[in-house]
Every structure is written in structure tokens, then in C-alpha cells.
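Q: Okay, here's the structure, questions in a sec.
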Amino acid sequence: MERRELLDASGALAPDTEPPLDTAATRSALELMLLSKLVDERAFSLQRQGRMGTYSAVRGQEASVVGSCLPLDPGTDWIVPQYRELPALLRHGLSIEGILSYWKGNSAAARIPEGVKVLPPQIGLAAQLPHAVGLAWGLKLQGDPGVVMTFVGDGGSSEGDFHEALNLAGVRKAPVVFVLQNNGWAISTPRSKQSAAESFAERGAGYGVPSALVDGNDLFAVTRAAAEAVARARAGDGPTLIETQTYRLGAHNTADDPSKYVDTGEKLSWEQLDPIPRVIAHLRAQSALTDTDLAEIEERNRSEVDRAIEALGAVGPPPPESLFDHVWSQPDARLLRQREEILHTAQKGADR
């Protein structure tokens with residue numbers, strides 16, 4: 001399968017190529033990519049200060065995530081995320097402080113606002129994919145024009161849920177777009193030890209699901225592939241699998257030490273393919289971005305992140321009994337007993 005590329009590492013368009021985004025849309029995408037990078041930096045710092053729990057950064061995959069979500073209509077379409085899709089969730093209507101509250105362990109503060117078409121993050125690998133297919137199938141049965149986009153990593157694609165979800169989506173022609181972010185690592189397991197297939201995108205054919213293979217660090221290639229997949233789903237023609245070949249420039253999460261398993265030379269070579277400088281170079285070549293413009297974008301992002309971090313400071317730890325909230329509509333005796341035991345232990349600790 002041929003990999004699609006529109007924007008090379010120097011920011012130059014392929015010959016005779018019409019970009020899928022105009023200048024204004026490209027600048028907006030760049031601003032979102034830079035915002036994601038800044039949130040990653042601040043979240044890492046908060047975790048190291050003990051002010052937030054484990055966090056999974058997007059760094060290196062900004063074009064893959066942002067390009068995928070741009071064709072979606074936040075008022076109509078749904079996102080079913082894994083745990084590394086922050087800029088897509090922001091564009092769809094979540095707040096920075098709301099997302100970080102989840103990583104802080106406060107599910108009440110992280111509650112998805114009414115009307116925002118996003119499902120909660122899923123930590124169990126690929127467990128979100130059957131949910132996405134069920135949601136998409138339900139929309140189809142109801143005559144709802146919405147499309148569902150769901151994300152999974154290369155490691156998650158080895159889970160049974162991945163294959164079952166693609167099979168059901170293909171059979172039911174569910175309006176769902178699977179974005180498989182191949183970032184080279186399933187935590188510390190390299191892609192070479194995960195599959196002998198030439199690409200993960202090839203797996204779609206076995207389920208009757210059309211596939212696309214794209215340079216995941218190319219904002220334009222990802223956007224075009226996603227736009228085609230979303231249009232296909234909206235027209236009633238069923239699902240698409242998109243493999244975005246990208247690279248995780250940071251750790252799997254803040255509990256991980258990639259220096260133990262990542263070859264320094266490999267990482268340096270991928271840093272030369274960083275998607276953000278690529279978009280900046282393209283806009284500069286079009287005389288559509290100056291140093292002043294870039295400074296203004298970064299200042300807006302800093303102000304927004306500072307505001308969000310201040311709001312996050314007011315989010316306290318969740319009460320112990322919240323562990324039992326929203327588990328059962330009618331909790332059984334065992335759960336009620338466990339809840340009372342936890343409350344009793346917490347009270348004894350507070351009385352000391």
C-alpha cells in the first residue's frame with residue numbers, strides 16, 4: 001500500500017498538489033498543535049511537582065491528531081478517544097482544565113459537559129473501539145447524520161477488540177473512522193516486534209474496510225485522508241481505517257523512562273520530521289506567517305494555559321466515596337459495605 005505524502009519535512013508541497021486547508025485554516029491548525037505542545041510541557045511539570053497524576057503526552061503526534069479531527073463537525077460528530085488525543089478533544093469542546101482534571105483523578109471535575117460529543121478517555125487498550133462501533137451503528141439506525149471517529153495505537157491494534165470492532169463495523173457499514181496512530185512503540189515494544197505485516201492499514205481489507213496509509217507527521221496528508229473517510233461515512237458507505245505513521249517523541253507517559261529502550265539516533269532522526277516546524281516552514285514560504293504572528297500565537301496559548309492551570313488549582317482530590325459513584329444504578333449490599341468501610345477508614349485518618 002502506497003503511503004500518502006503532501007507536505008515534506010521542509011514544508012514544501014508535492015508538485016501539482018492543492019492543499020486541503022486554506023491559509024487561515026492552516027494557521028488555526030498550527031495554533032492548536034502549538035497549544036497541545038505547551039499543555040504537554042505544563043502537564044509534565046505538574047506531574048513532577050506532585051500536583052497531577054500520570055499523563056500521556058501527544059508530543060510528536062500533533063499533526064496526526066489535529067489533522068484527523070479537522071473534518072469533523074463538533075455539533076454533529078463524535079470522538080471516542082483513547083488517551084493521547086488532547087488537541088482533538090479541545091477542538092471538540094472540552095476545556096484544558098477539564099481534561100487535566102481527569103489526570104488529576106477528579107472524575108466529577110472532568111465530567112464531559114452537556115452537548116459535547118466526546119466519550120471519556122479509555123485506558124484499557126482498544127476497549128473504546130467496540131464502543132465507537134456501537135455508537136456509530138446506533139446513529140445509523142436512528143437516521144442521525146453523525147460520524148464517529150475513534151483513535152487507537154499500534155499496540156492497541158494487537159488486541160482482540162480491534163479486530164472485532166473492524167469486523168462488526170464492516171458488516172454493519174457503521175459510519176466510523178478508525179485512526180490508528182502508529183507511533184513506533186507499544187509502550188516499550190517496537191513496531192518490528194508487533195506485526196510482520198507491511199502496514200497496519202492492510203488489516204482493513206480482511207474486514208471489508210477500506211484503508212489509507214499516510215505520513216502522520218504531514219498535516220495535509222492526514223487531513224485529506226480524514227476528510228475522505230468522514231465524507232464516505234456520512235454518505236452511508238461505511239467505515240475507514242487510517243494508519244498515520246508518526247513517532248512518539250516523548251515518553252509513553254510520565255511513569256515511563258524511554259531512555260531505557262529508545263535508540264538515541266532513531267529519536268534524533270524523527271525529531272527532524274517534527275510536524276510543527278513543517279507547518280511553520282510551509283506558512284513562512286507562503287508569506288503567511290511572520291515572527292510577530294508566531295509570537296502572538298504563543299502568547300495567546302500561554303494565556304489560555306495559565307488560565308486553565310489556575311482553574312485546575314481549585315480542583316481538589318476526589319472524596320473516597322466517589323470511587324463508588326456511577327458504578328451501579330442500584331448498588332448491591334457488597335458495594336455499600338465496601339463504601340462504608342472506606343468512609344470509616346478515611347474518617348479515622350482525618351481524626352488522627
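Values in this text are rule-based calculations from the coordinates and carry no lab data. Since the structure is predicted, the reported quantities are computational estimates derived from the model, not experimental observations. Here the Cβ positions follow ideal geometry from the backbone for every residue, glycine too, while neighbour counts run over all protein chains shown.
Q: For segment 88-138 and segment 306-324, what is the separation of their Cα centres, given in Å?
A: Taking the Cα centre of segment 306-324 as reference, the centre of segment 88-138 is 17 Å away.
Q: Can you list residues whose amide H is under 5 Å from residue 6's amide H, if they're 5+ apart or on another chain and H is modeled 1.01 Å from N?
A: 221
Q: For every other residue with a beta carbon closer than 12 angstrom to the beta carbon of residue 315, add +1 if it is Lys or Arg and -1 if Asp or Glu, then tell me the sum.
A: Here the count lands on +1.
Q: What FRET efficiency do you get for residue 291 and residue 271 if R0 is 30 Å and r is their Cβ-Cβ distance, rounded to the nearest 0.05?
A: 0.85
Q: May I pose another question? Hey, in the GNM for the chain with a 10 angstrom Cα cutoff, which one of 288, 314, 12 fluctuates hardest?
A: Maximum among the listed residues: 314.
Q: Quick one: net charge of residue 245's neighbours, Cβ under 11 Å, K/R +1, D/E -1?
A: Combined, the nearby Lys, Arg, Asp and Glu give -2.
Q: Also, quick follow-up: Please list the three semi-axes, largest first and in whole Å, of the ellipsoid equivalent to segment 1-60, using sqrt of 5 times the eigenvalues of its alpha carbon gyration tensor.
A: 33, 14, 8
Q: For residue 55, what charge total do you get from the other residues with a beta carbon under 12 Å from its beta carbon, if Lys and Arg give +1 and Asp and Glu give -1?
A: Charge balance near residue 55 sits at +3.
Q: Counting only residues 5 or more places away or on other chains, whose amide H sits under 5 Å from the amide H of residue 78 once H atoms are built in the peptide plane?
A: Sorted by chain and number, the residues that satisfy this are 147, 148, 149.
Q: Would you mind computing the Rg to Rh ratio of segment 1-104 from its alpha-carbon coordinates, Kirkwood style for Rh?
A: Answer for segment 1-104: 1.02.
Q: Which residue fluctuates most in the GNM of the chain (Cα springs below 10 Å): 131, 252, 326?
A: 326
Q: Also: Give the dimensionless ratio obtained when the Cα radius of gyration of the chain is divided by 2.2 N^0.38 Å.
A: Ratio of Cα Rg to 2.2 N^0.38 Å: 1.03.
Q: Karplus couplings for segment 200-214 from phi (6.51 cos²θ - 1.76 cosθ + 1.60, θ = phi - 60°), rounded to Hz, Gly and Pro as x?
A: With the stated coefficients, segment 200-214 comes to 6, 4, 4, 5, x, 4, x, 10, x, 10, x, 10, 9, 10, 9 Hz.
Q: Can you list the HN-Hα couplings for segment 240-255, worked out from phi with the Karplus curve (6.51, -1.76, 1.60; θ = phi - 60°), rounded to whole Hz and with x for Gly and Pro?
A: 9, 10, 10, 9, 9, 8, 9, 7, 7, 7, x, 6, 4, 7, 6, 9
Q: Let me ask something else. Check residue 70: other-chain or 5+ apart residues with amide H under 5 Å from its amide H, H built from backbone geometry?
A: Residues meeting the amide H criterion: none.
Q: Going 7 Å from the Cα of residue 284 along its beta-carbon direction, which residues of segment 1-38 have the amide nitrogen within less than 14 Å of the resulting point?
A: Taking a point 7 Å out along Cα→Cβ of residue 284, the residues of segment 1-38 whose backbone N falls under 14 Å are 9-12.
Q: Please give the calculated 222 nm ellipticity per residue for the chain, where each DSSP H segment of at least 4 residues contributes -39500 (n - 2.57) and the sum is spread over every residue; nearest 500 deg cm²/dmol?
A: Rounded to the nearest 500, it is -14000 deg cm²/dmol.
Q: Using only alpha carbon pairs under 8 Å that are at least six residues apart, calculate the relative contact order of the chain and give it in whole percent.
A: 24
Q: While we're looking at this one, here's another question. Taking chymotrypsin sites (Phe, Trp or Tyr not before Pro) that fall in a DSSP loop and have at most 16 other Cβ atoms within 10 Å as cut points, what is the longest piece of the chain between them?
A: Between the exposed loop sites, the longest stretch runs 1-260.
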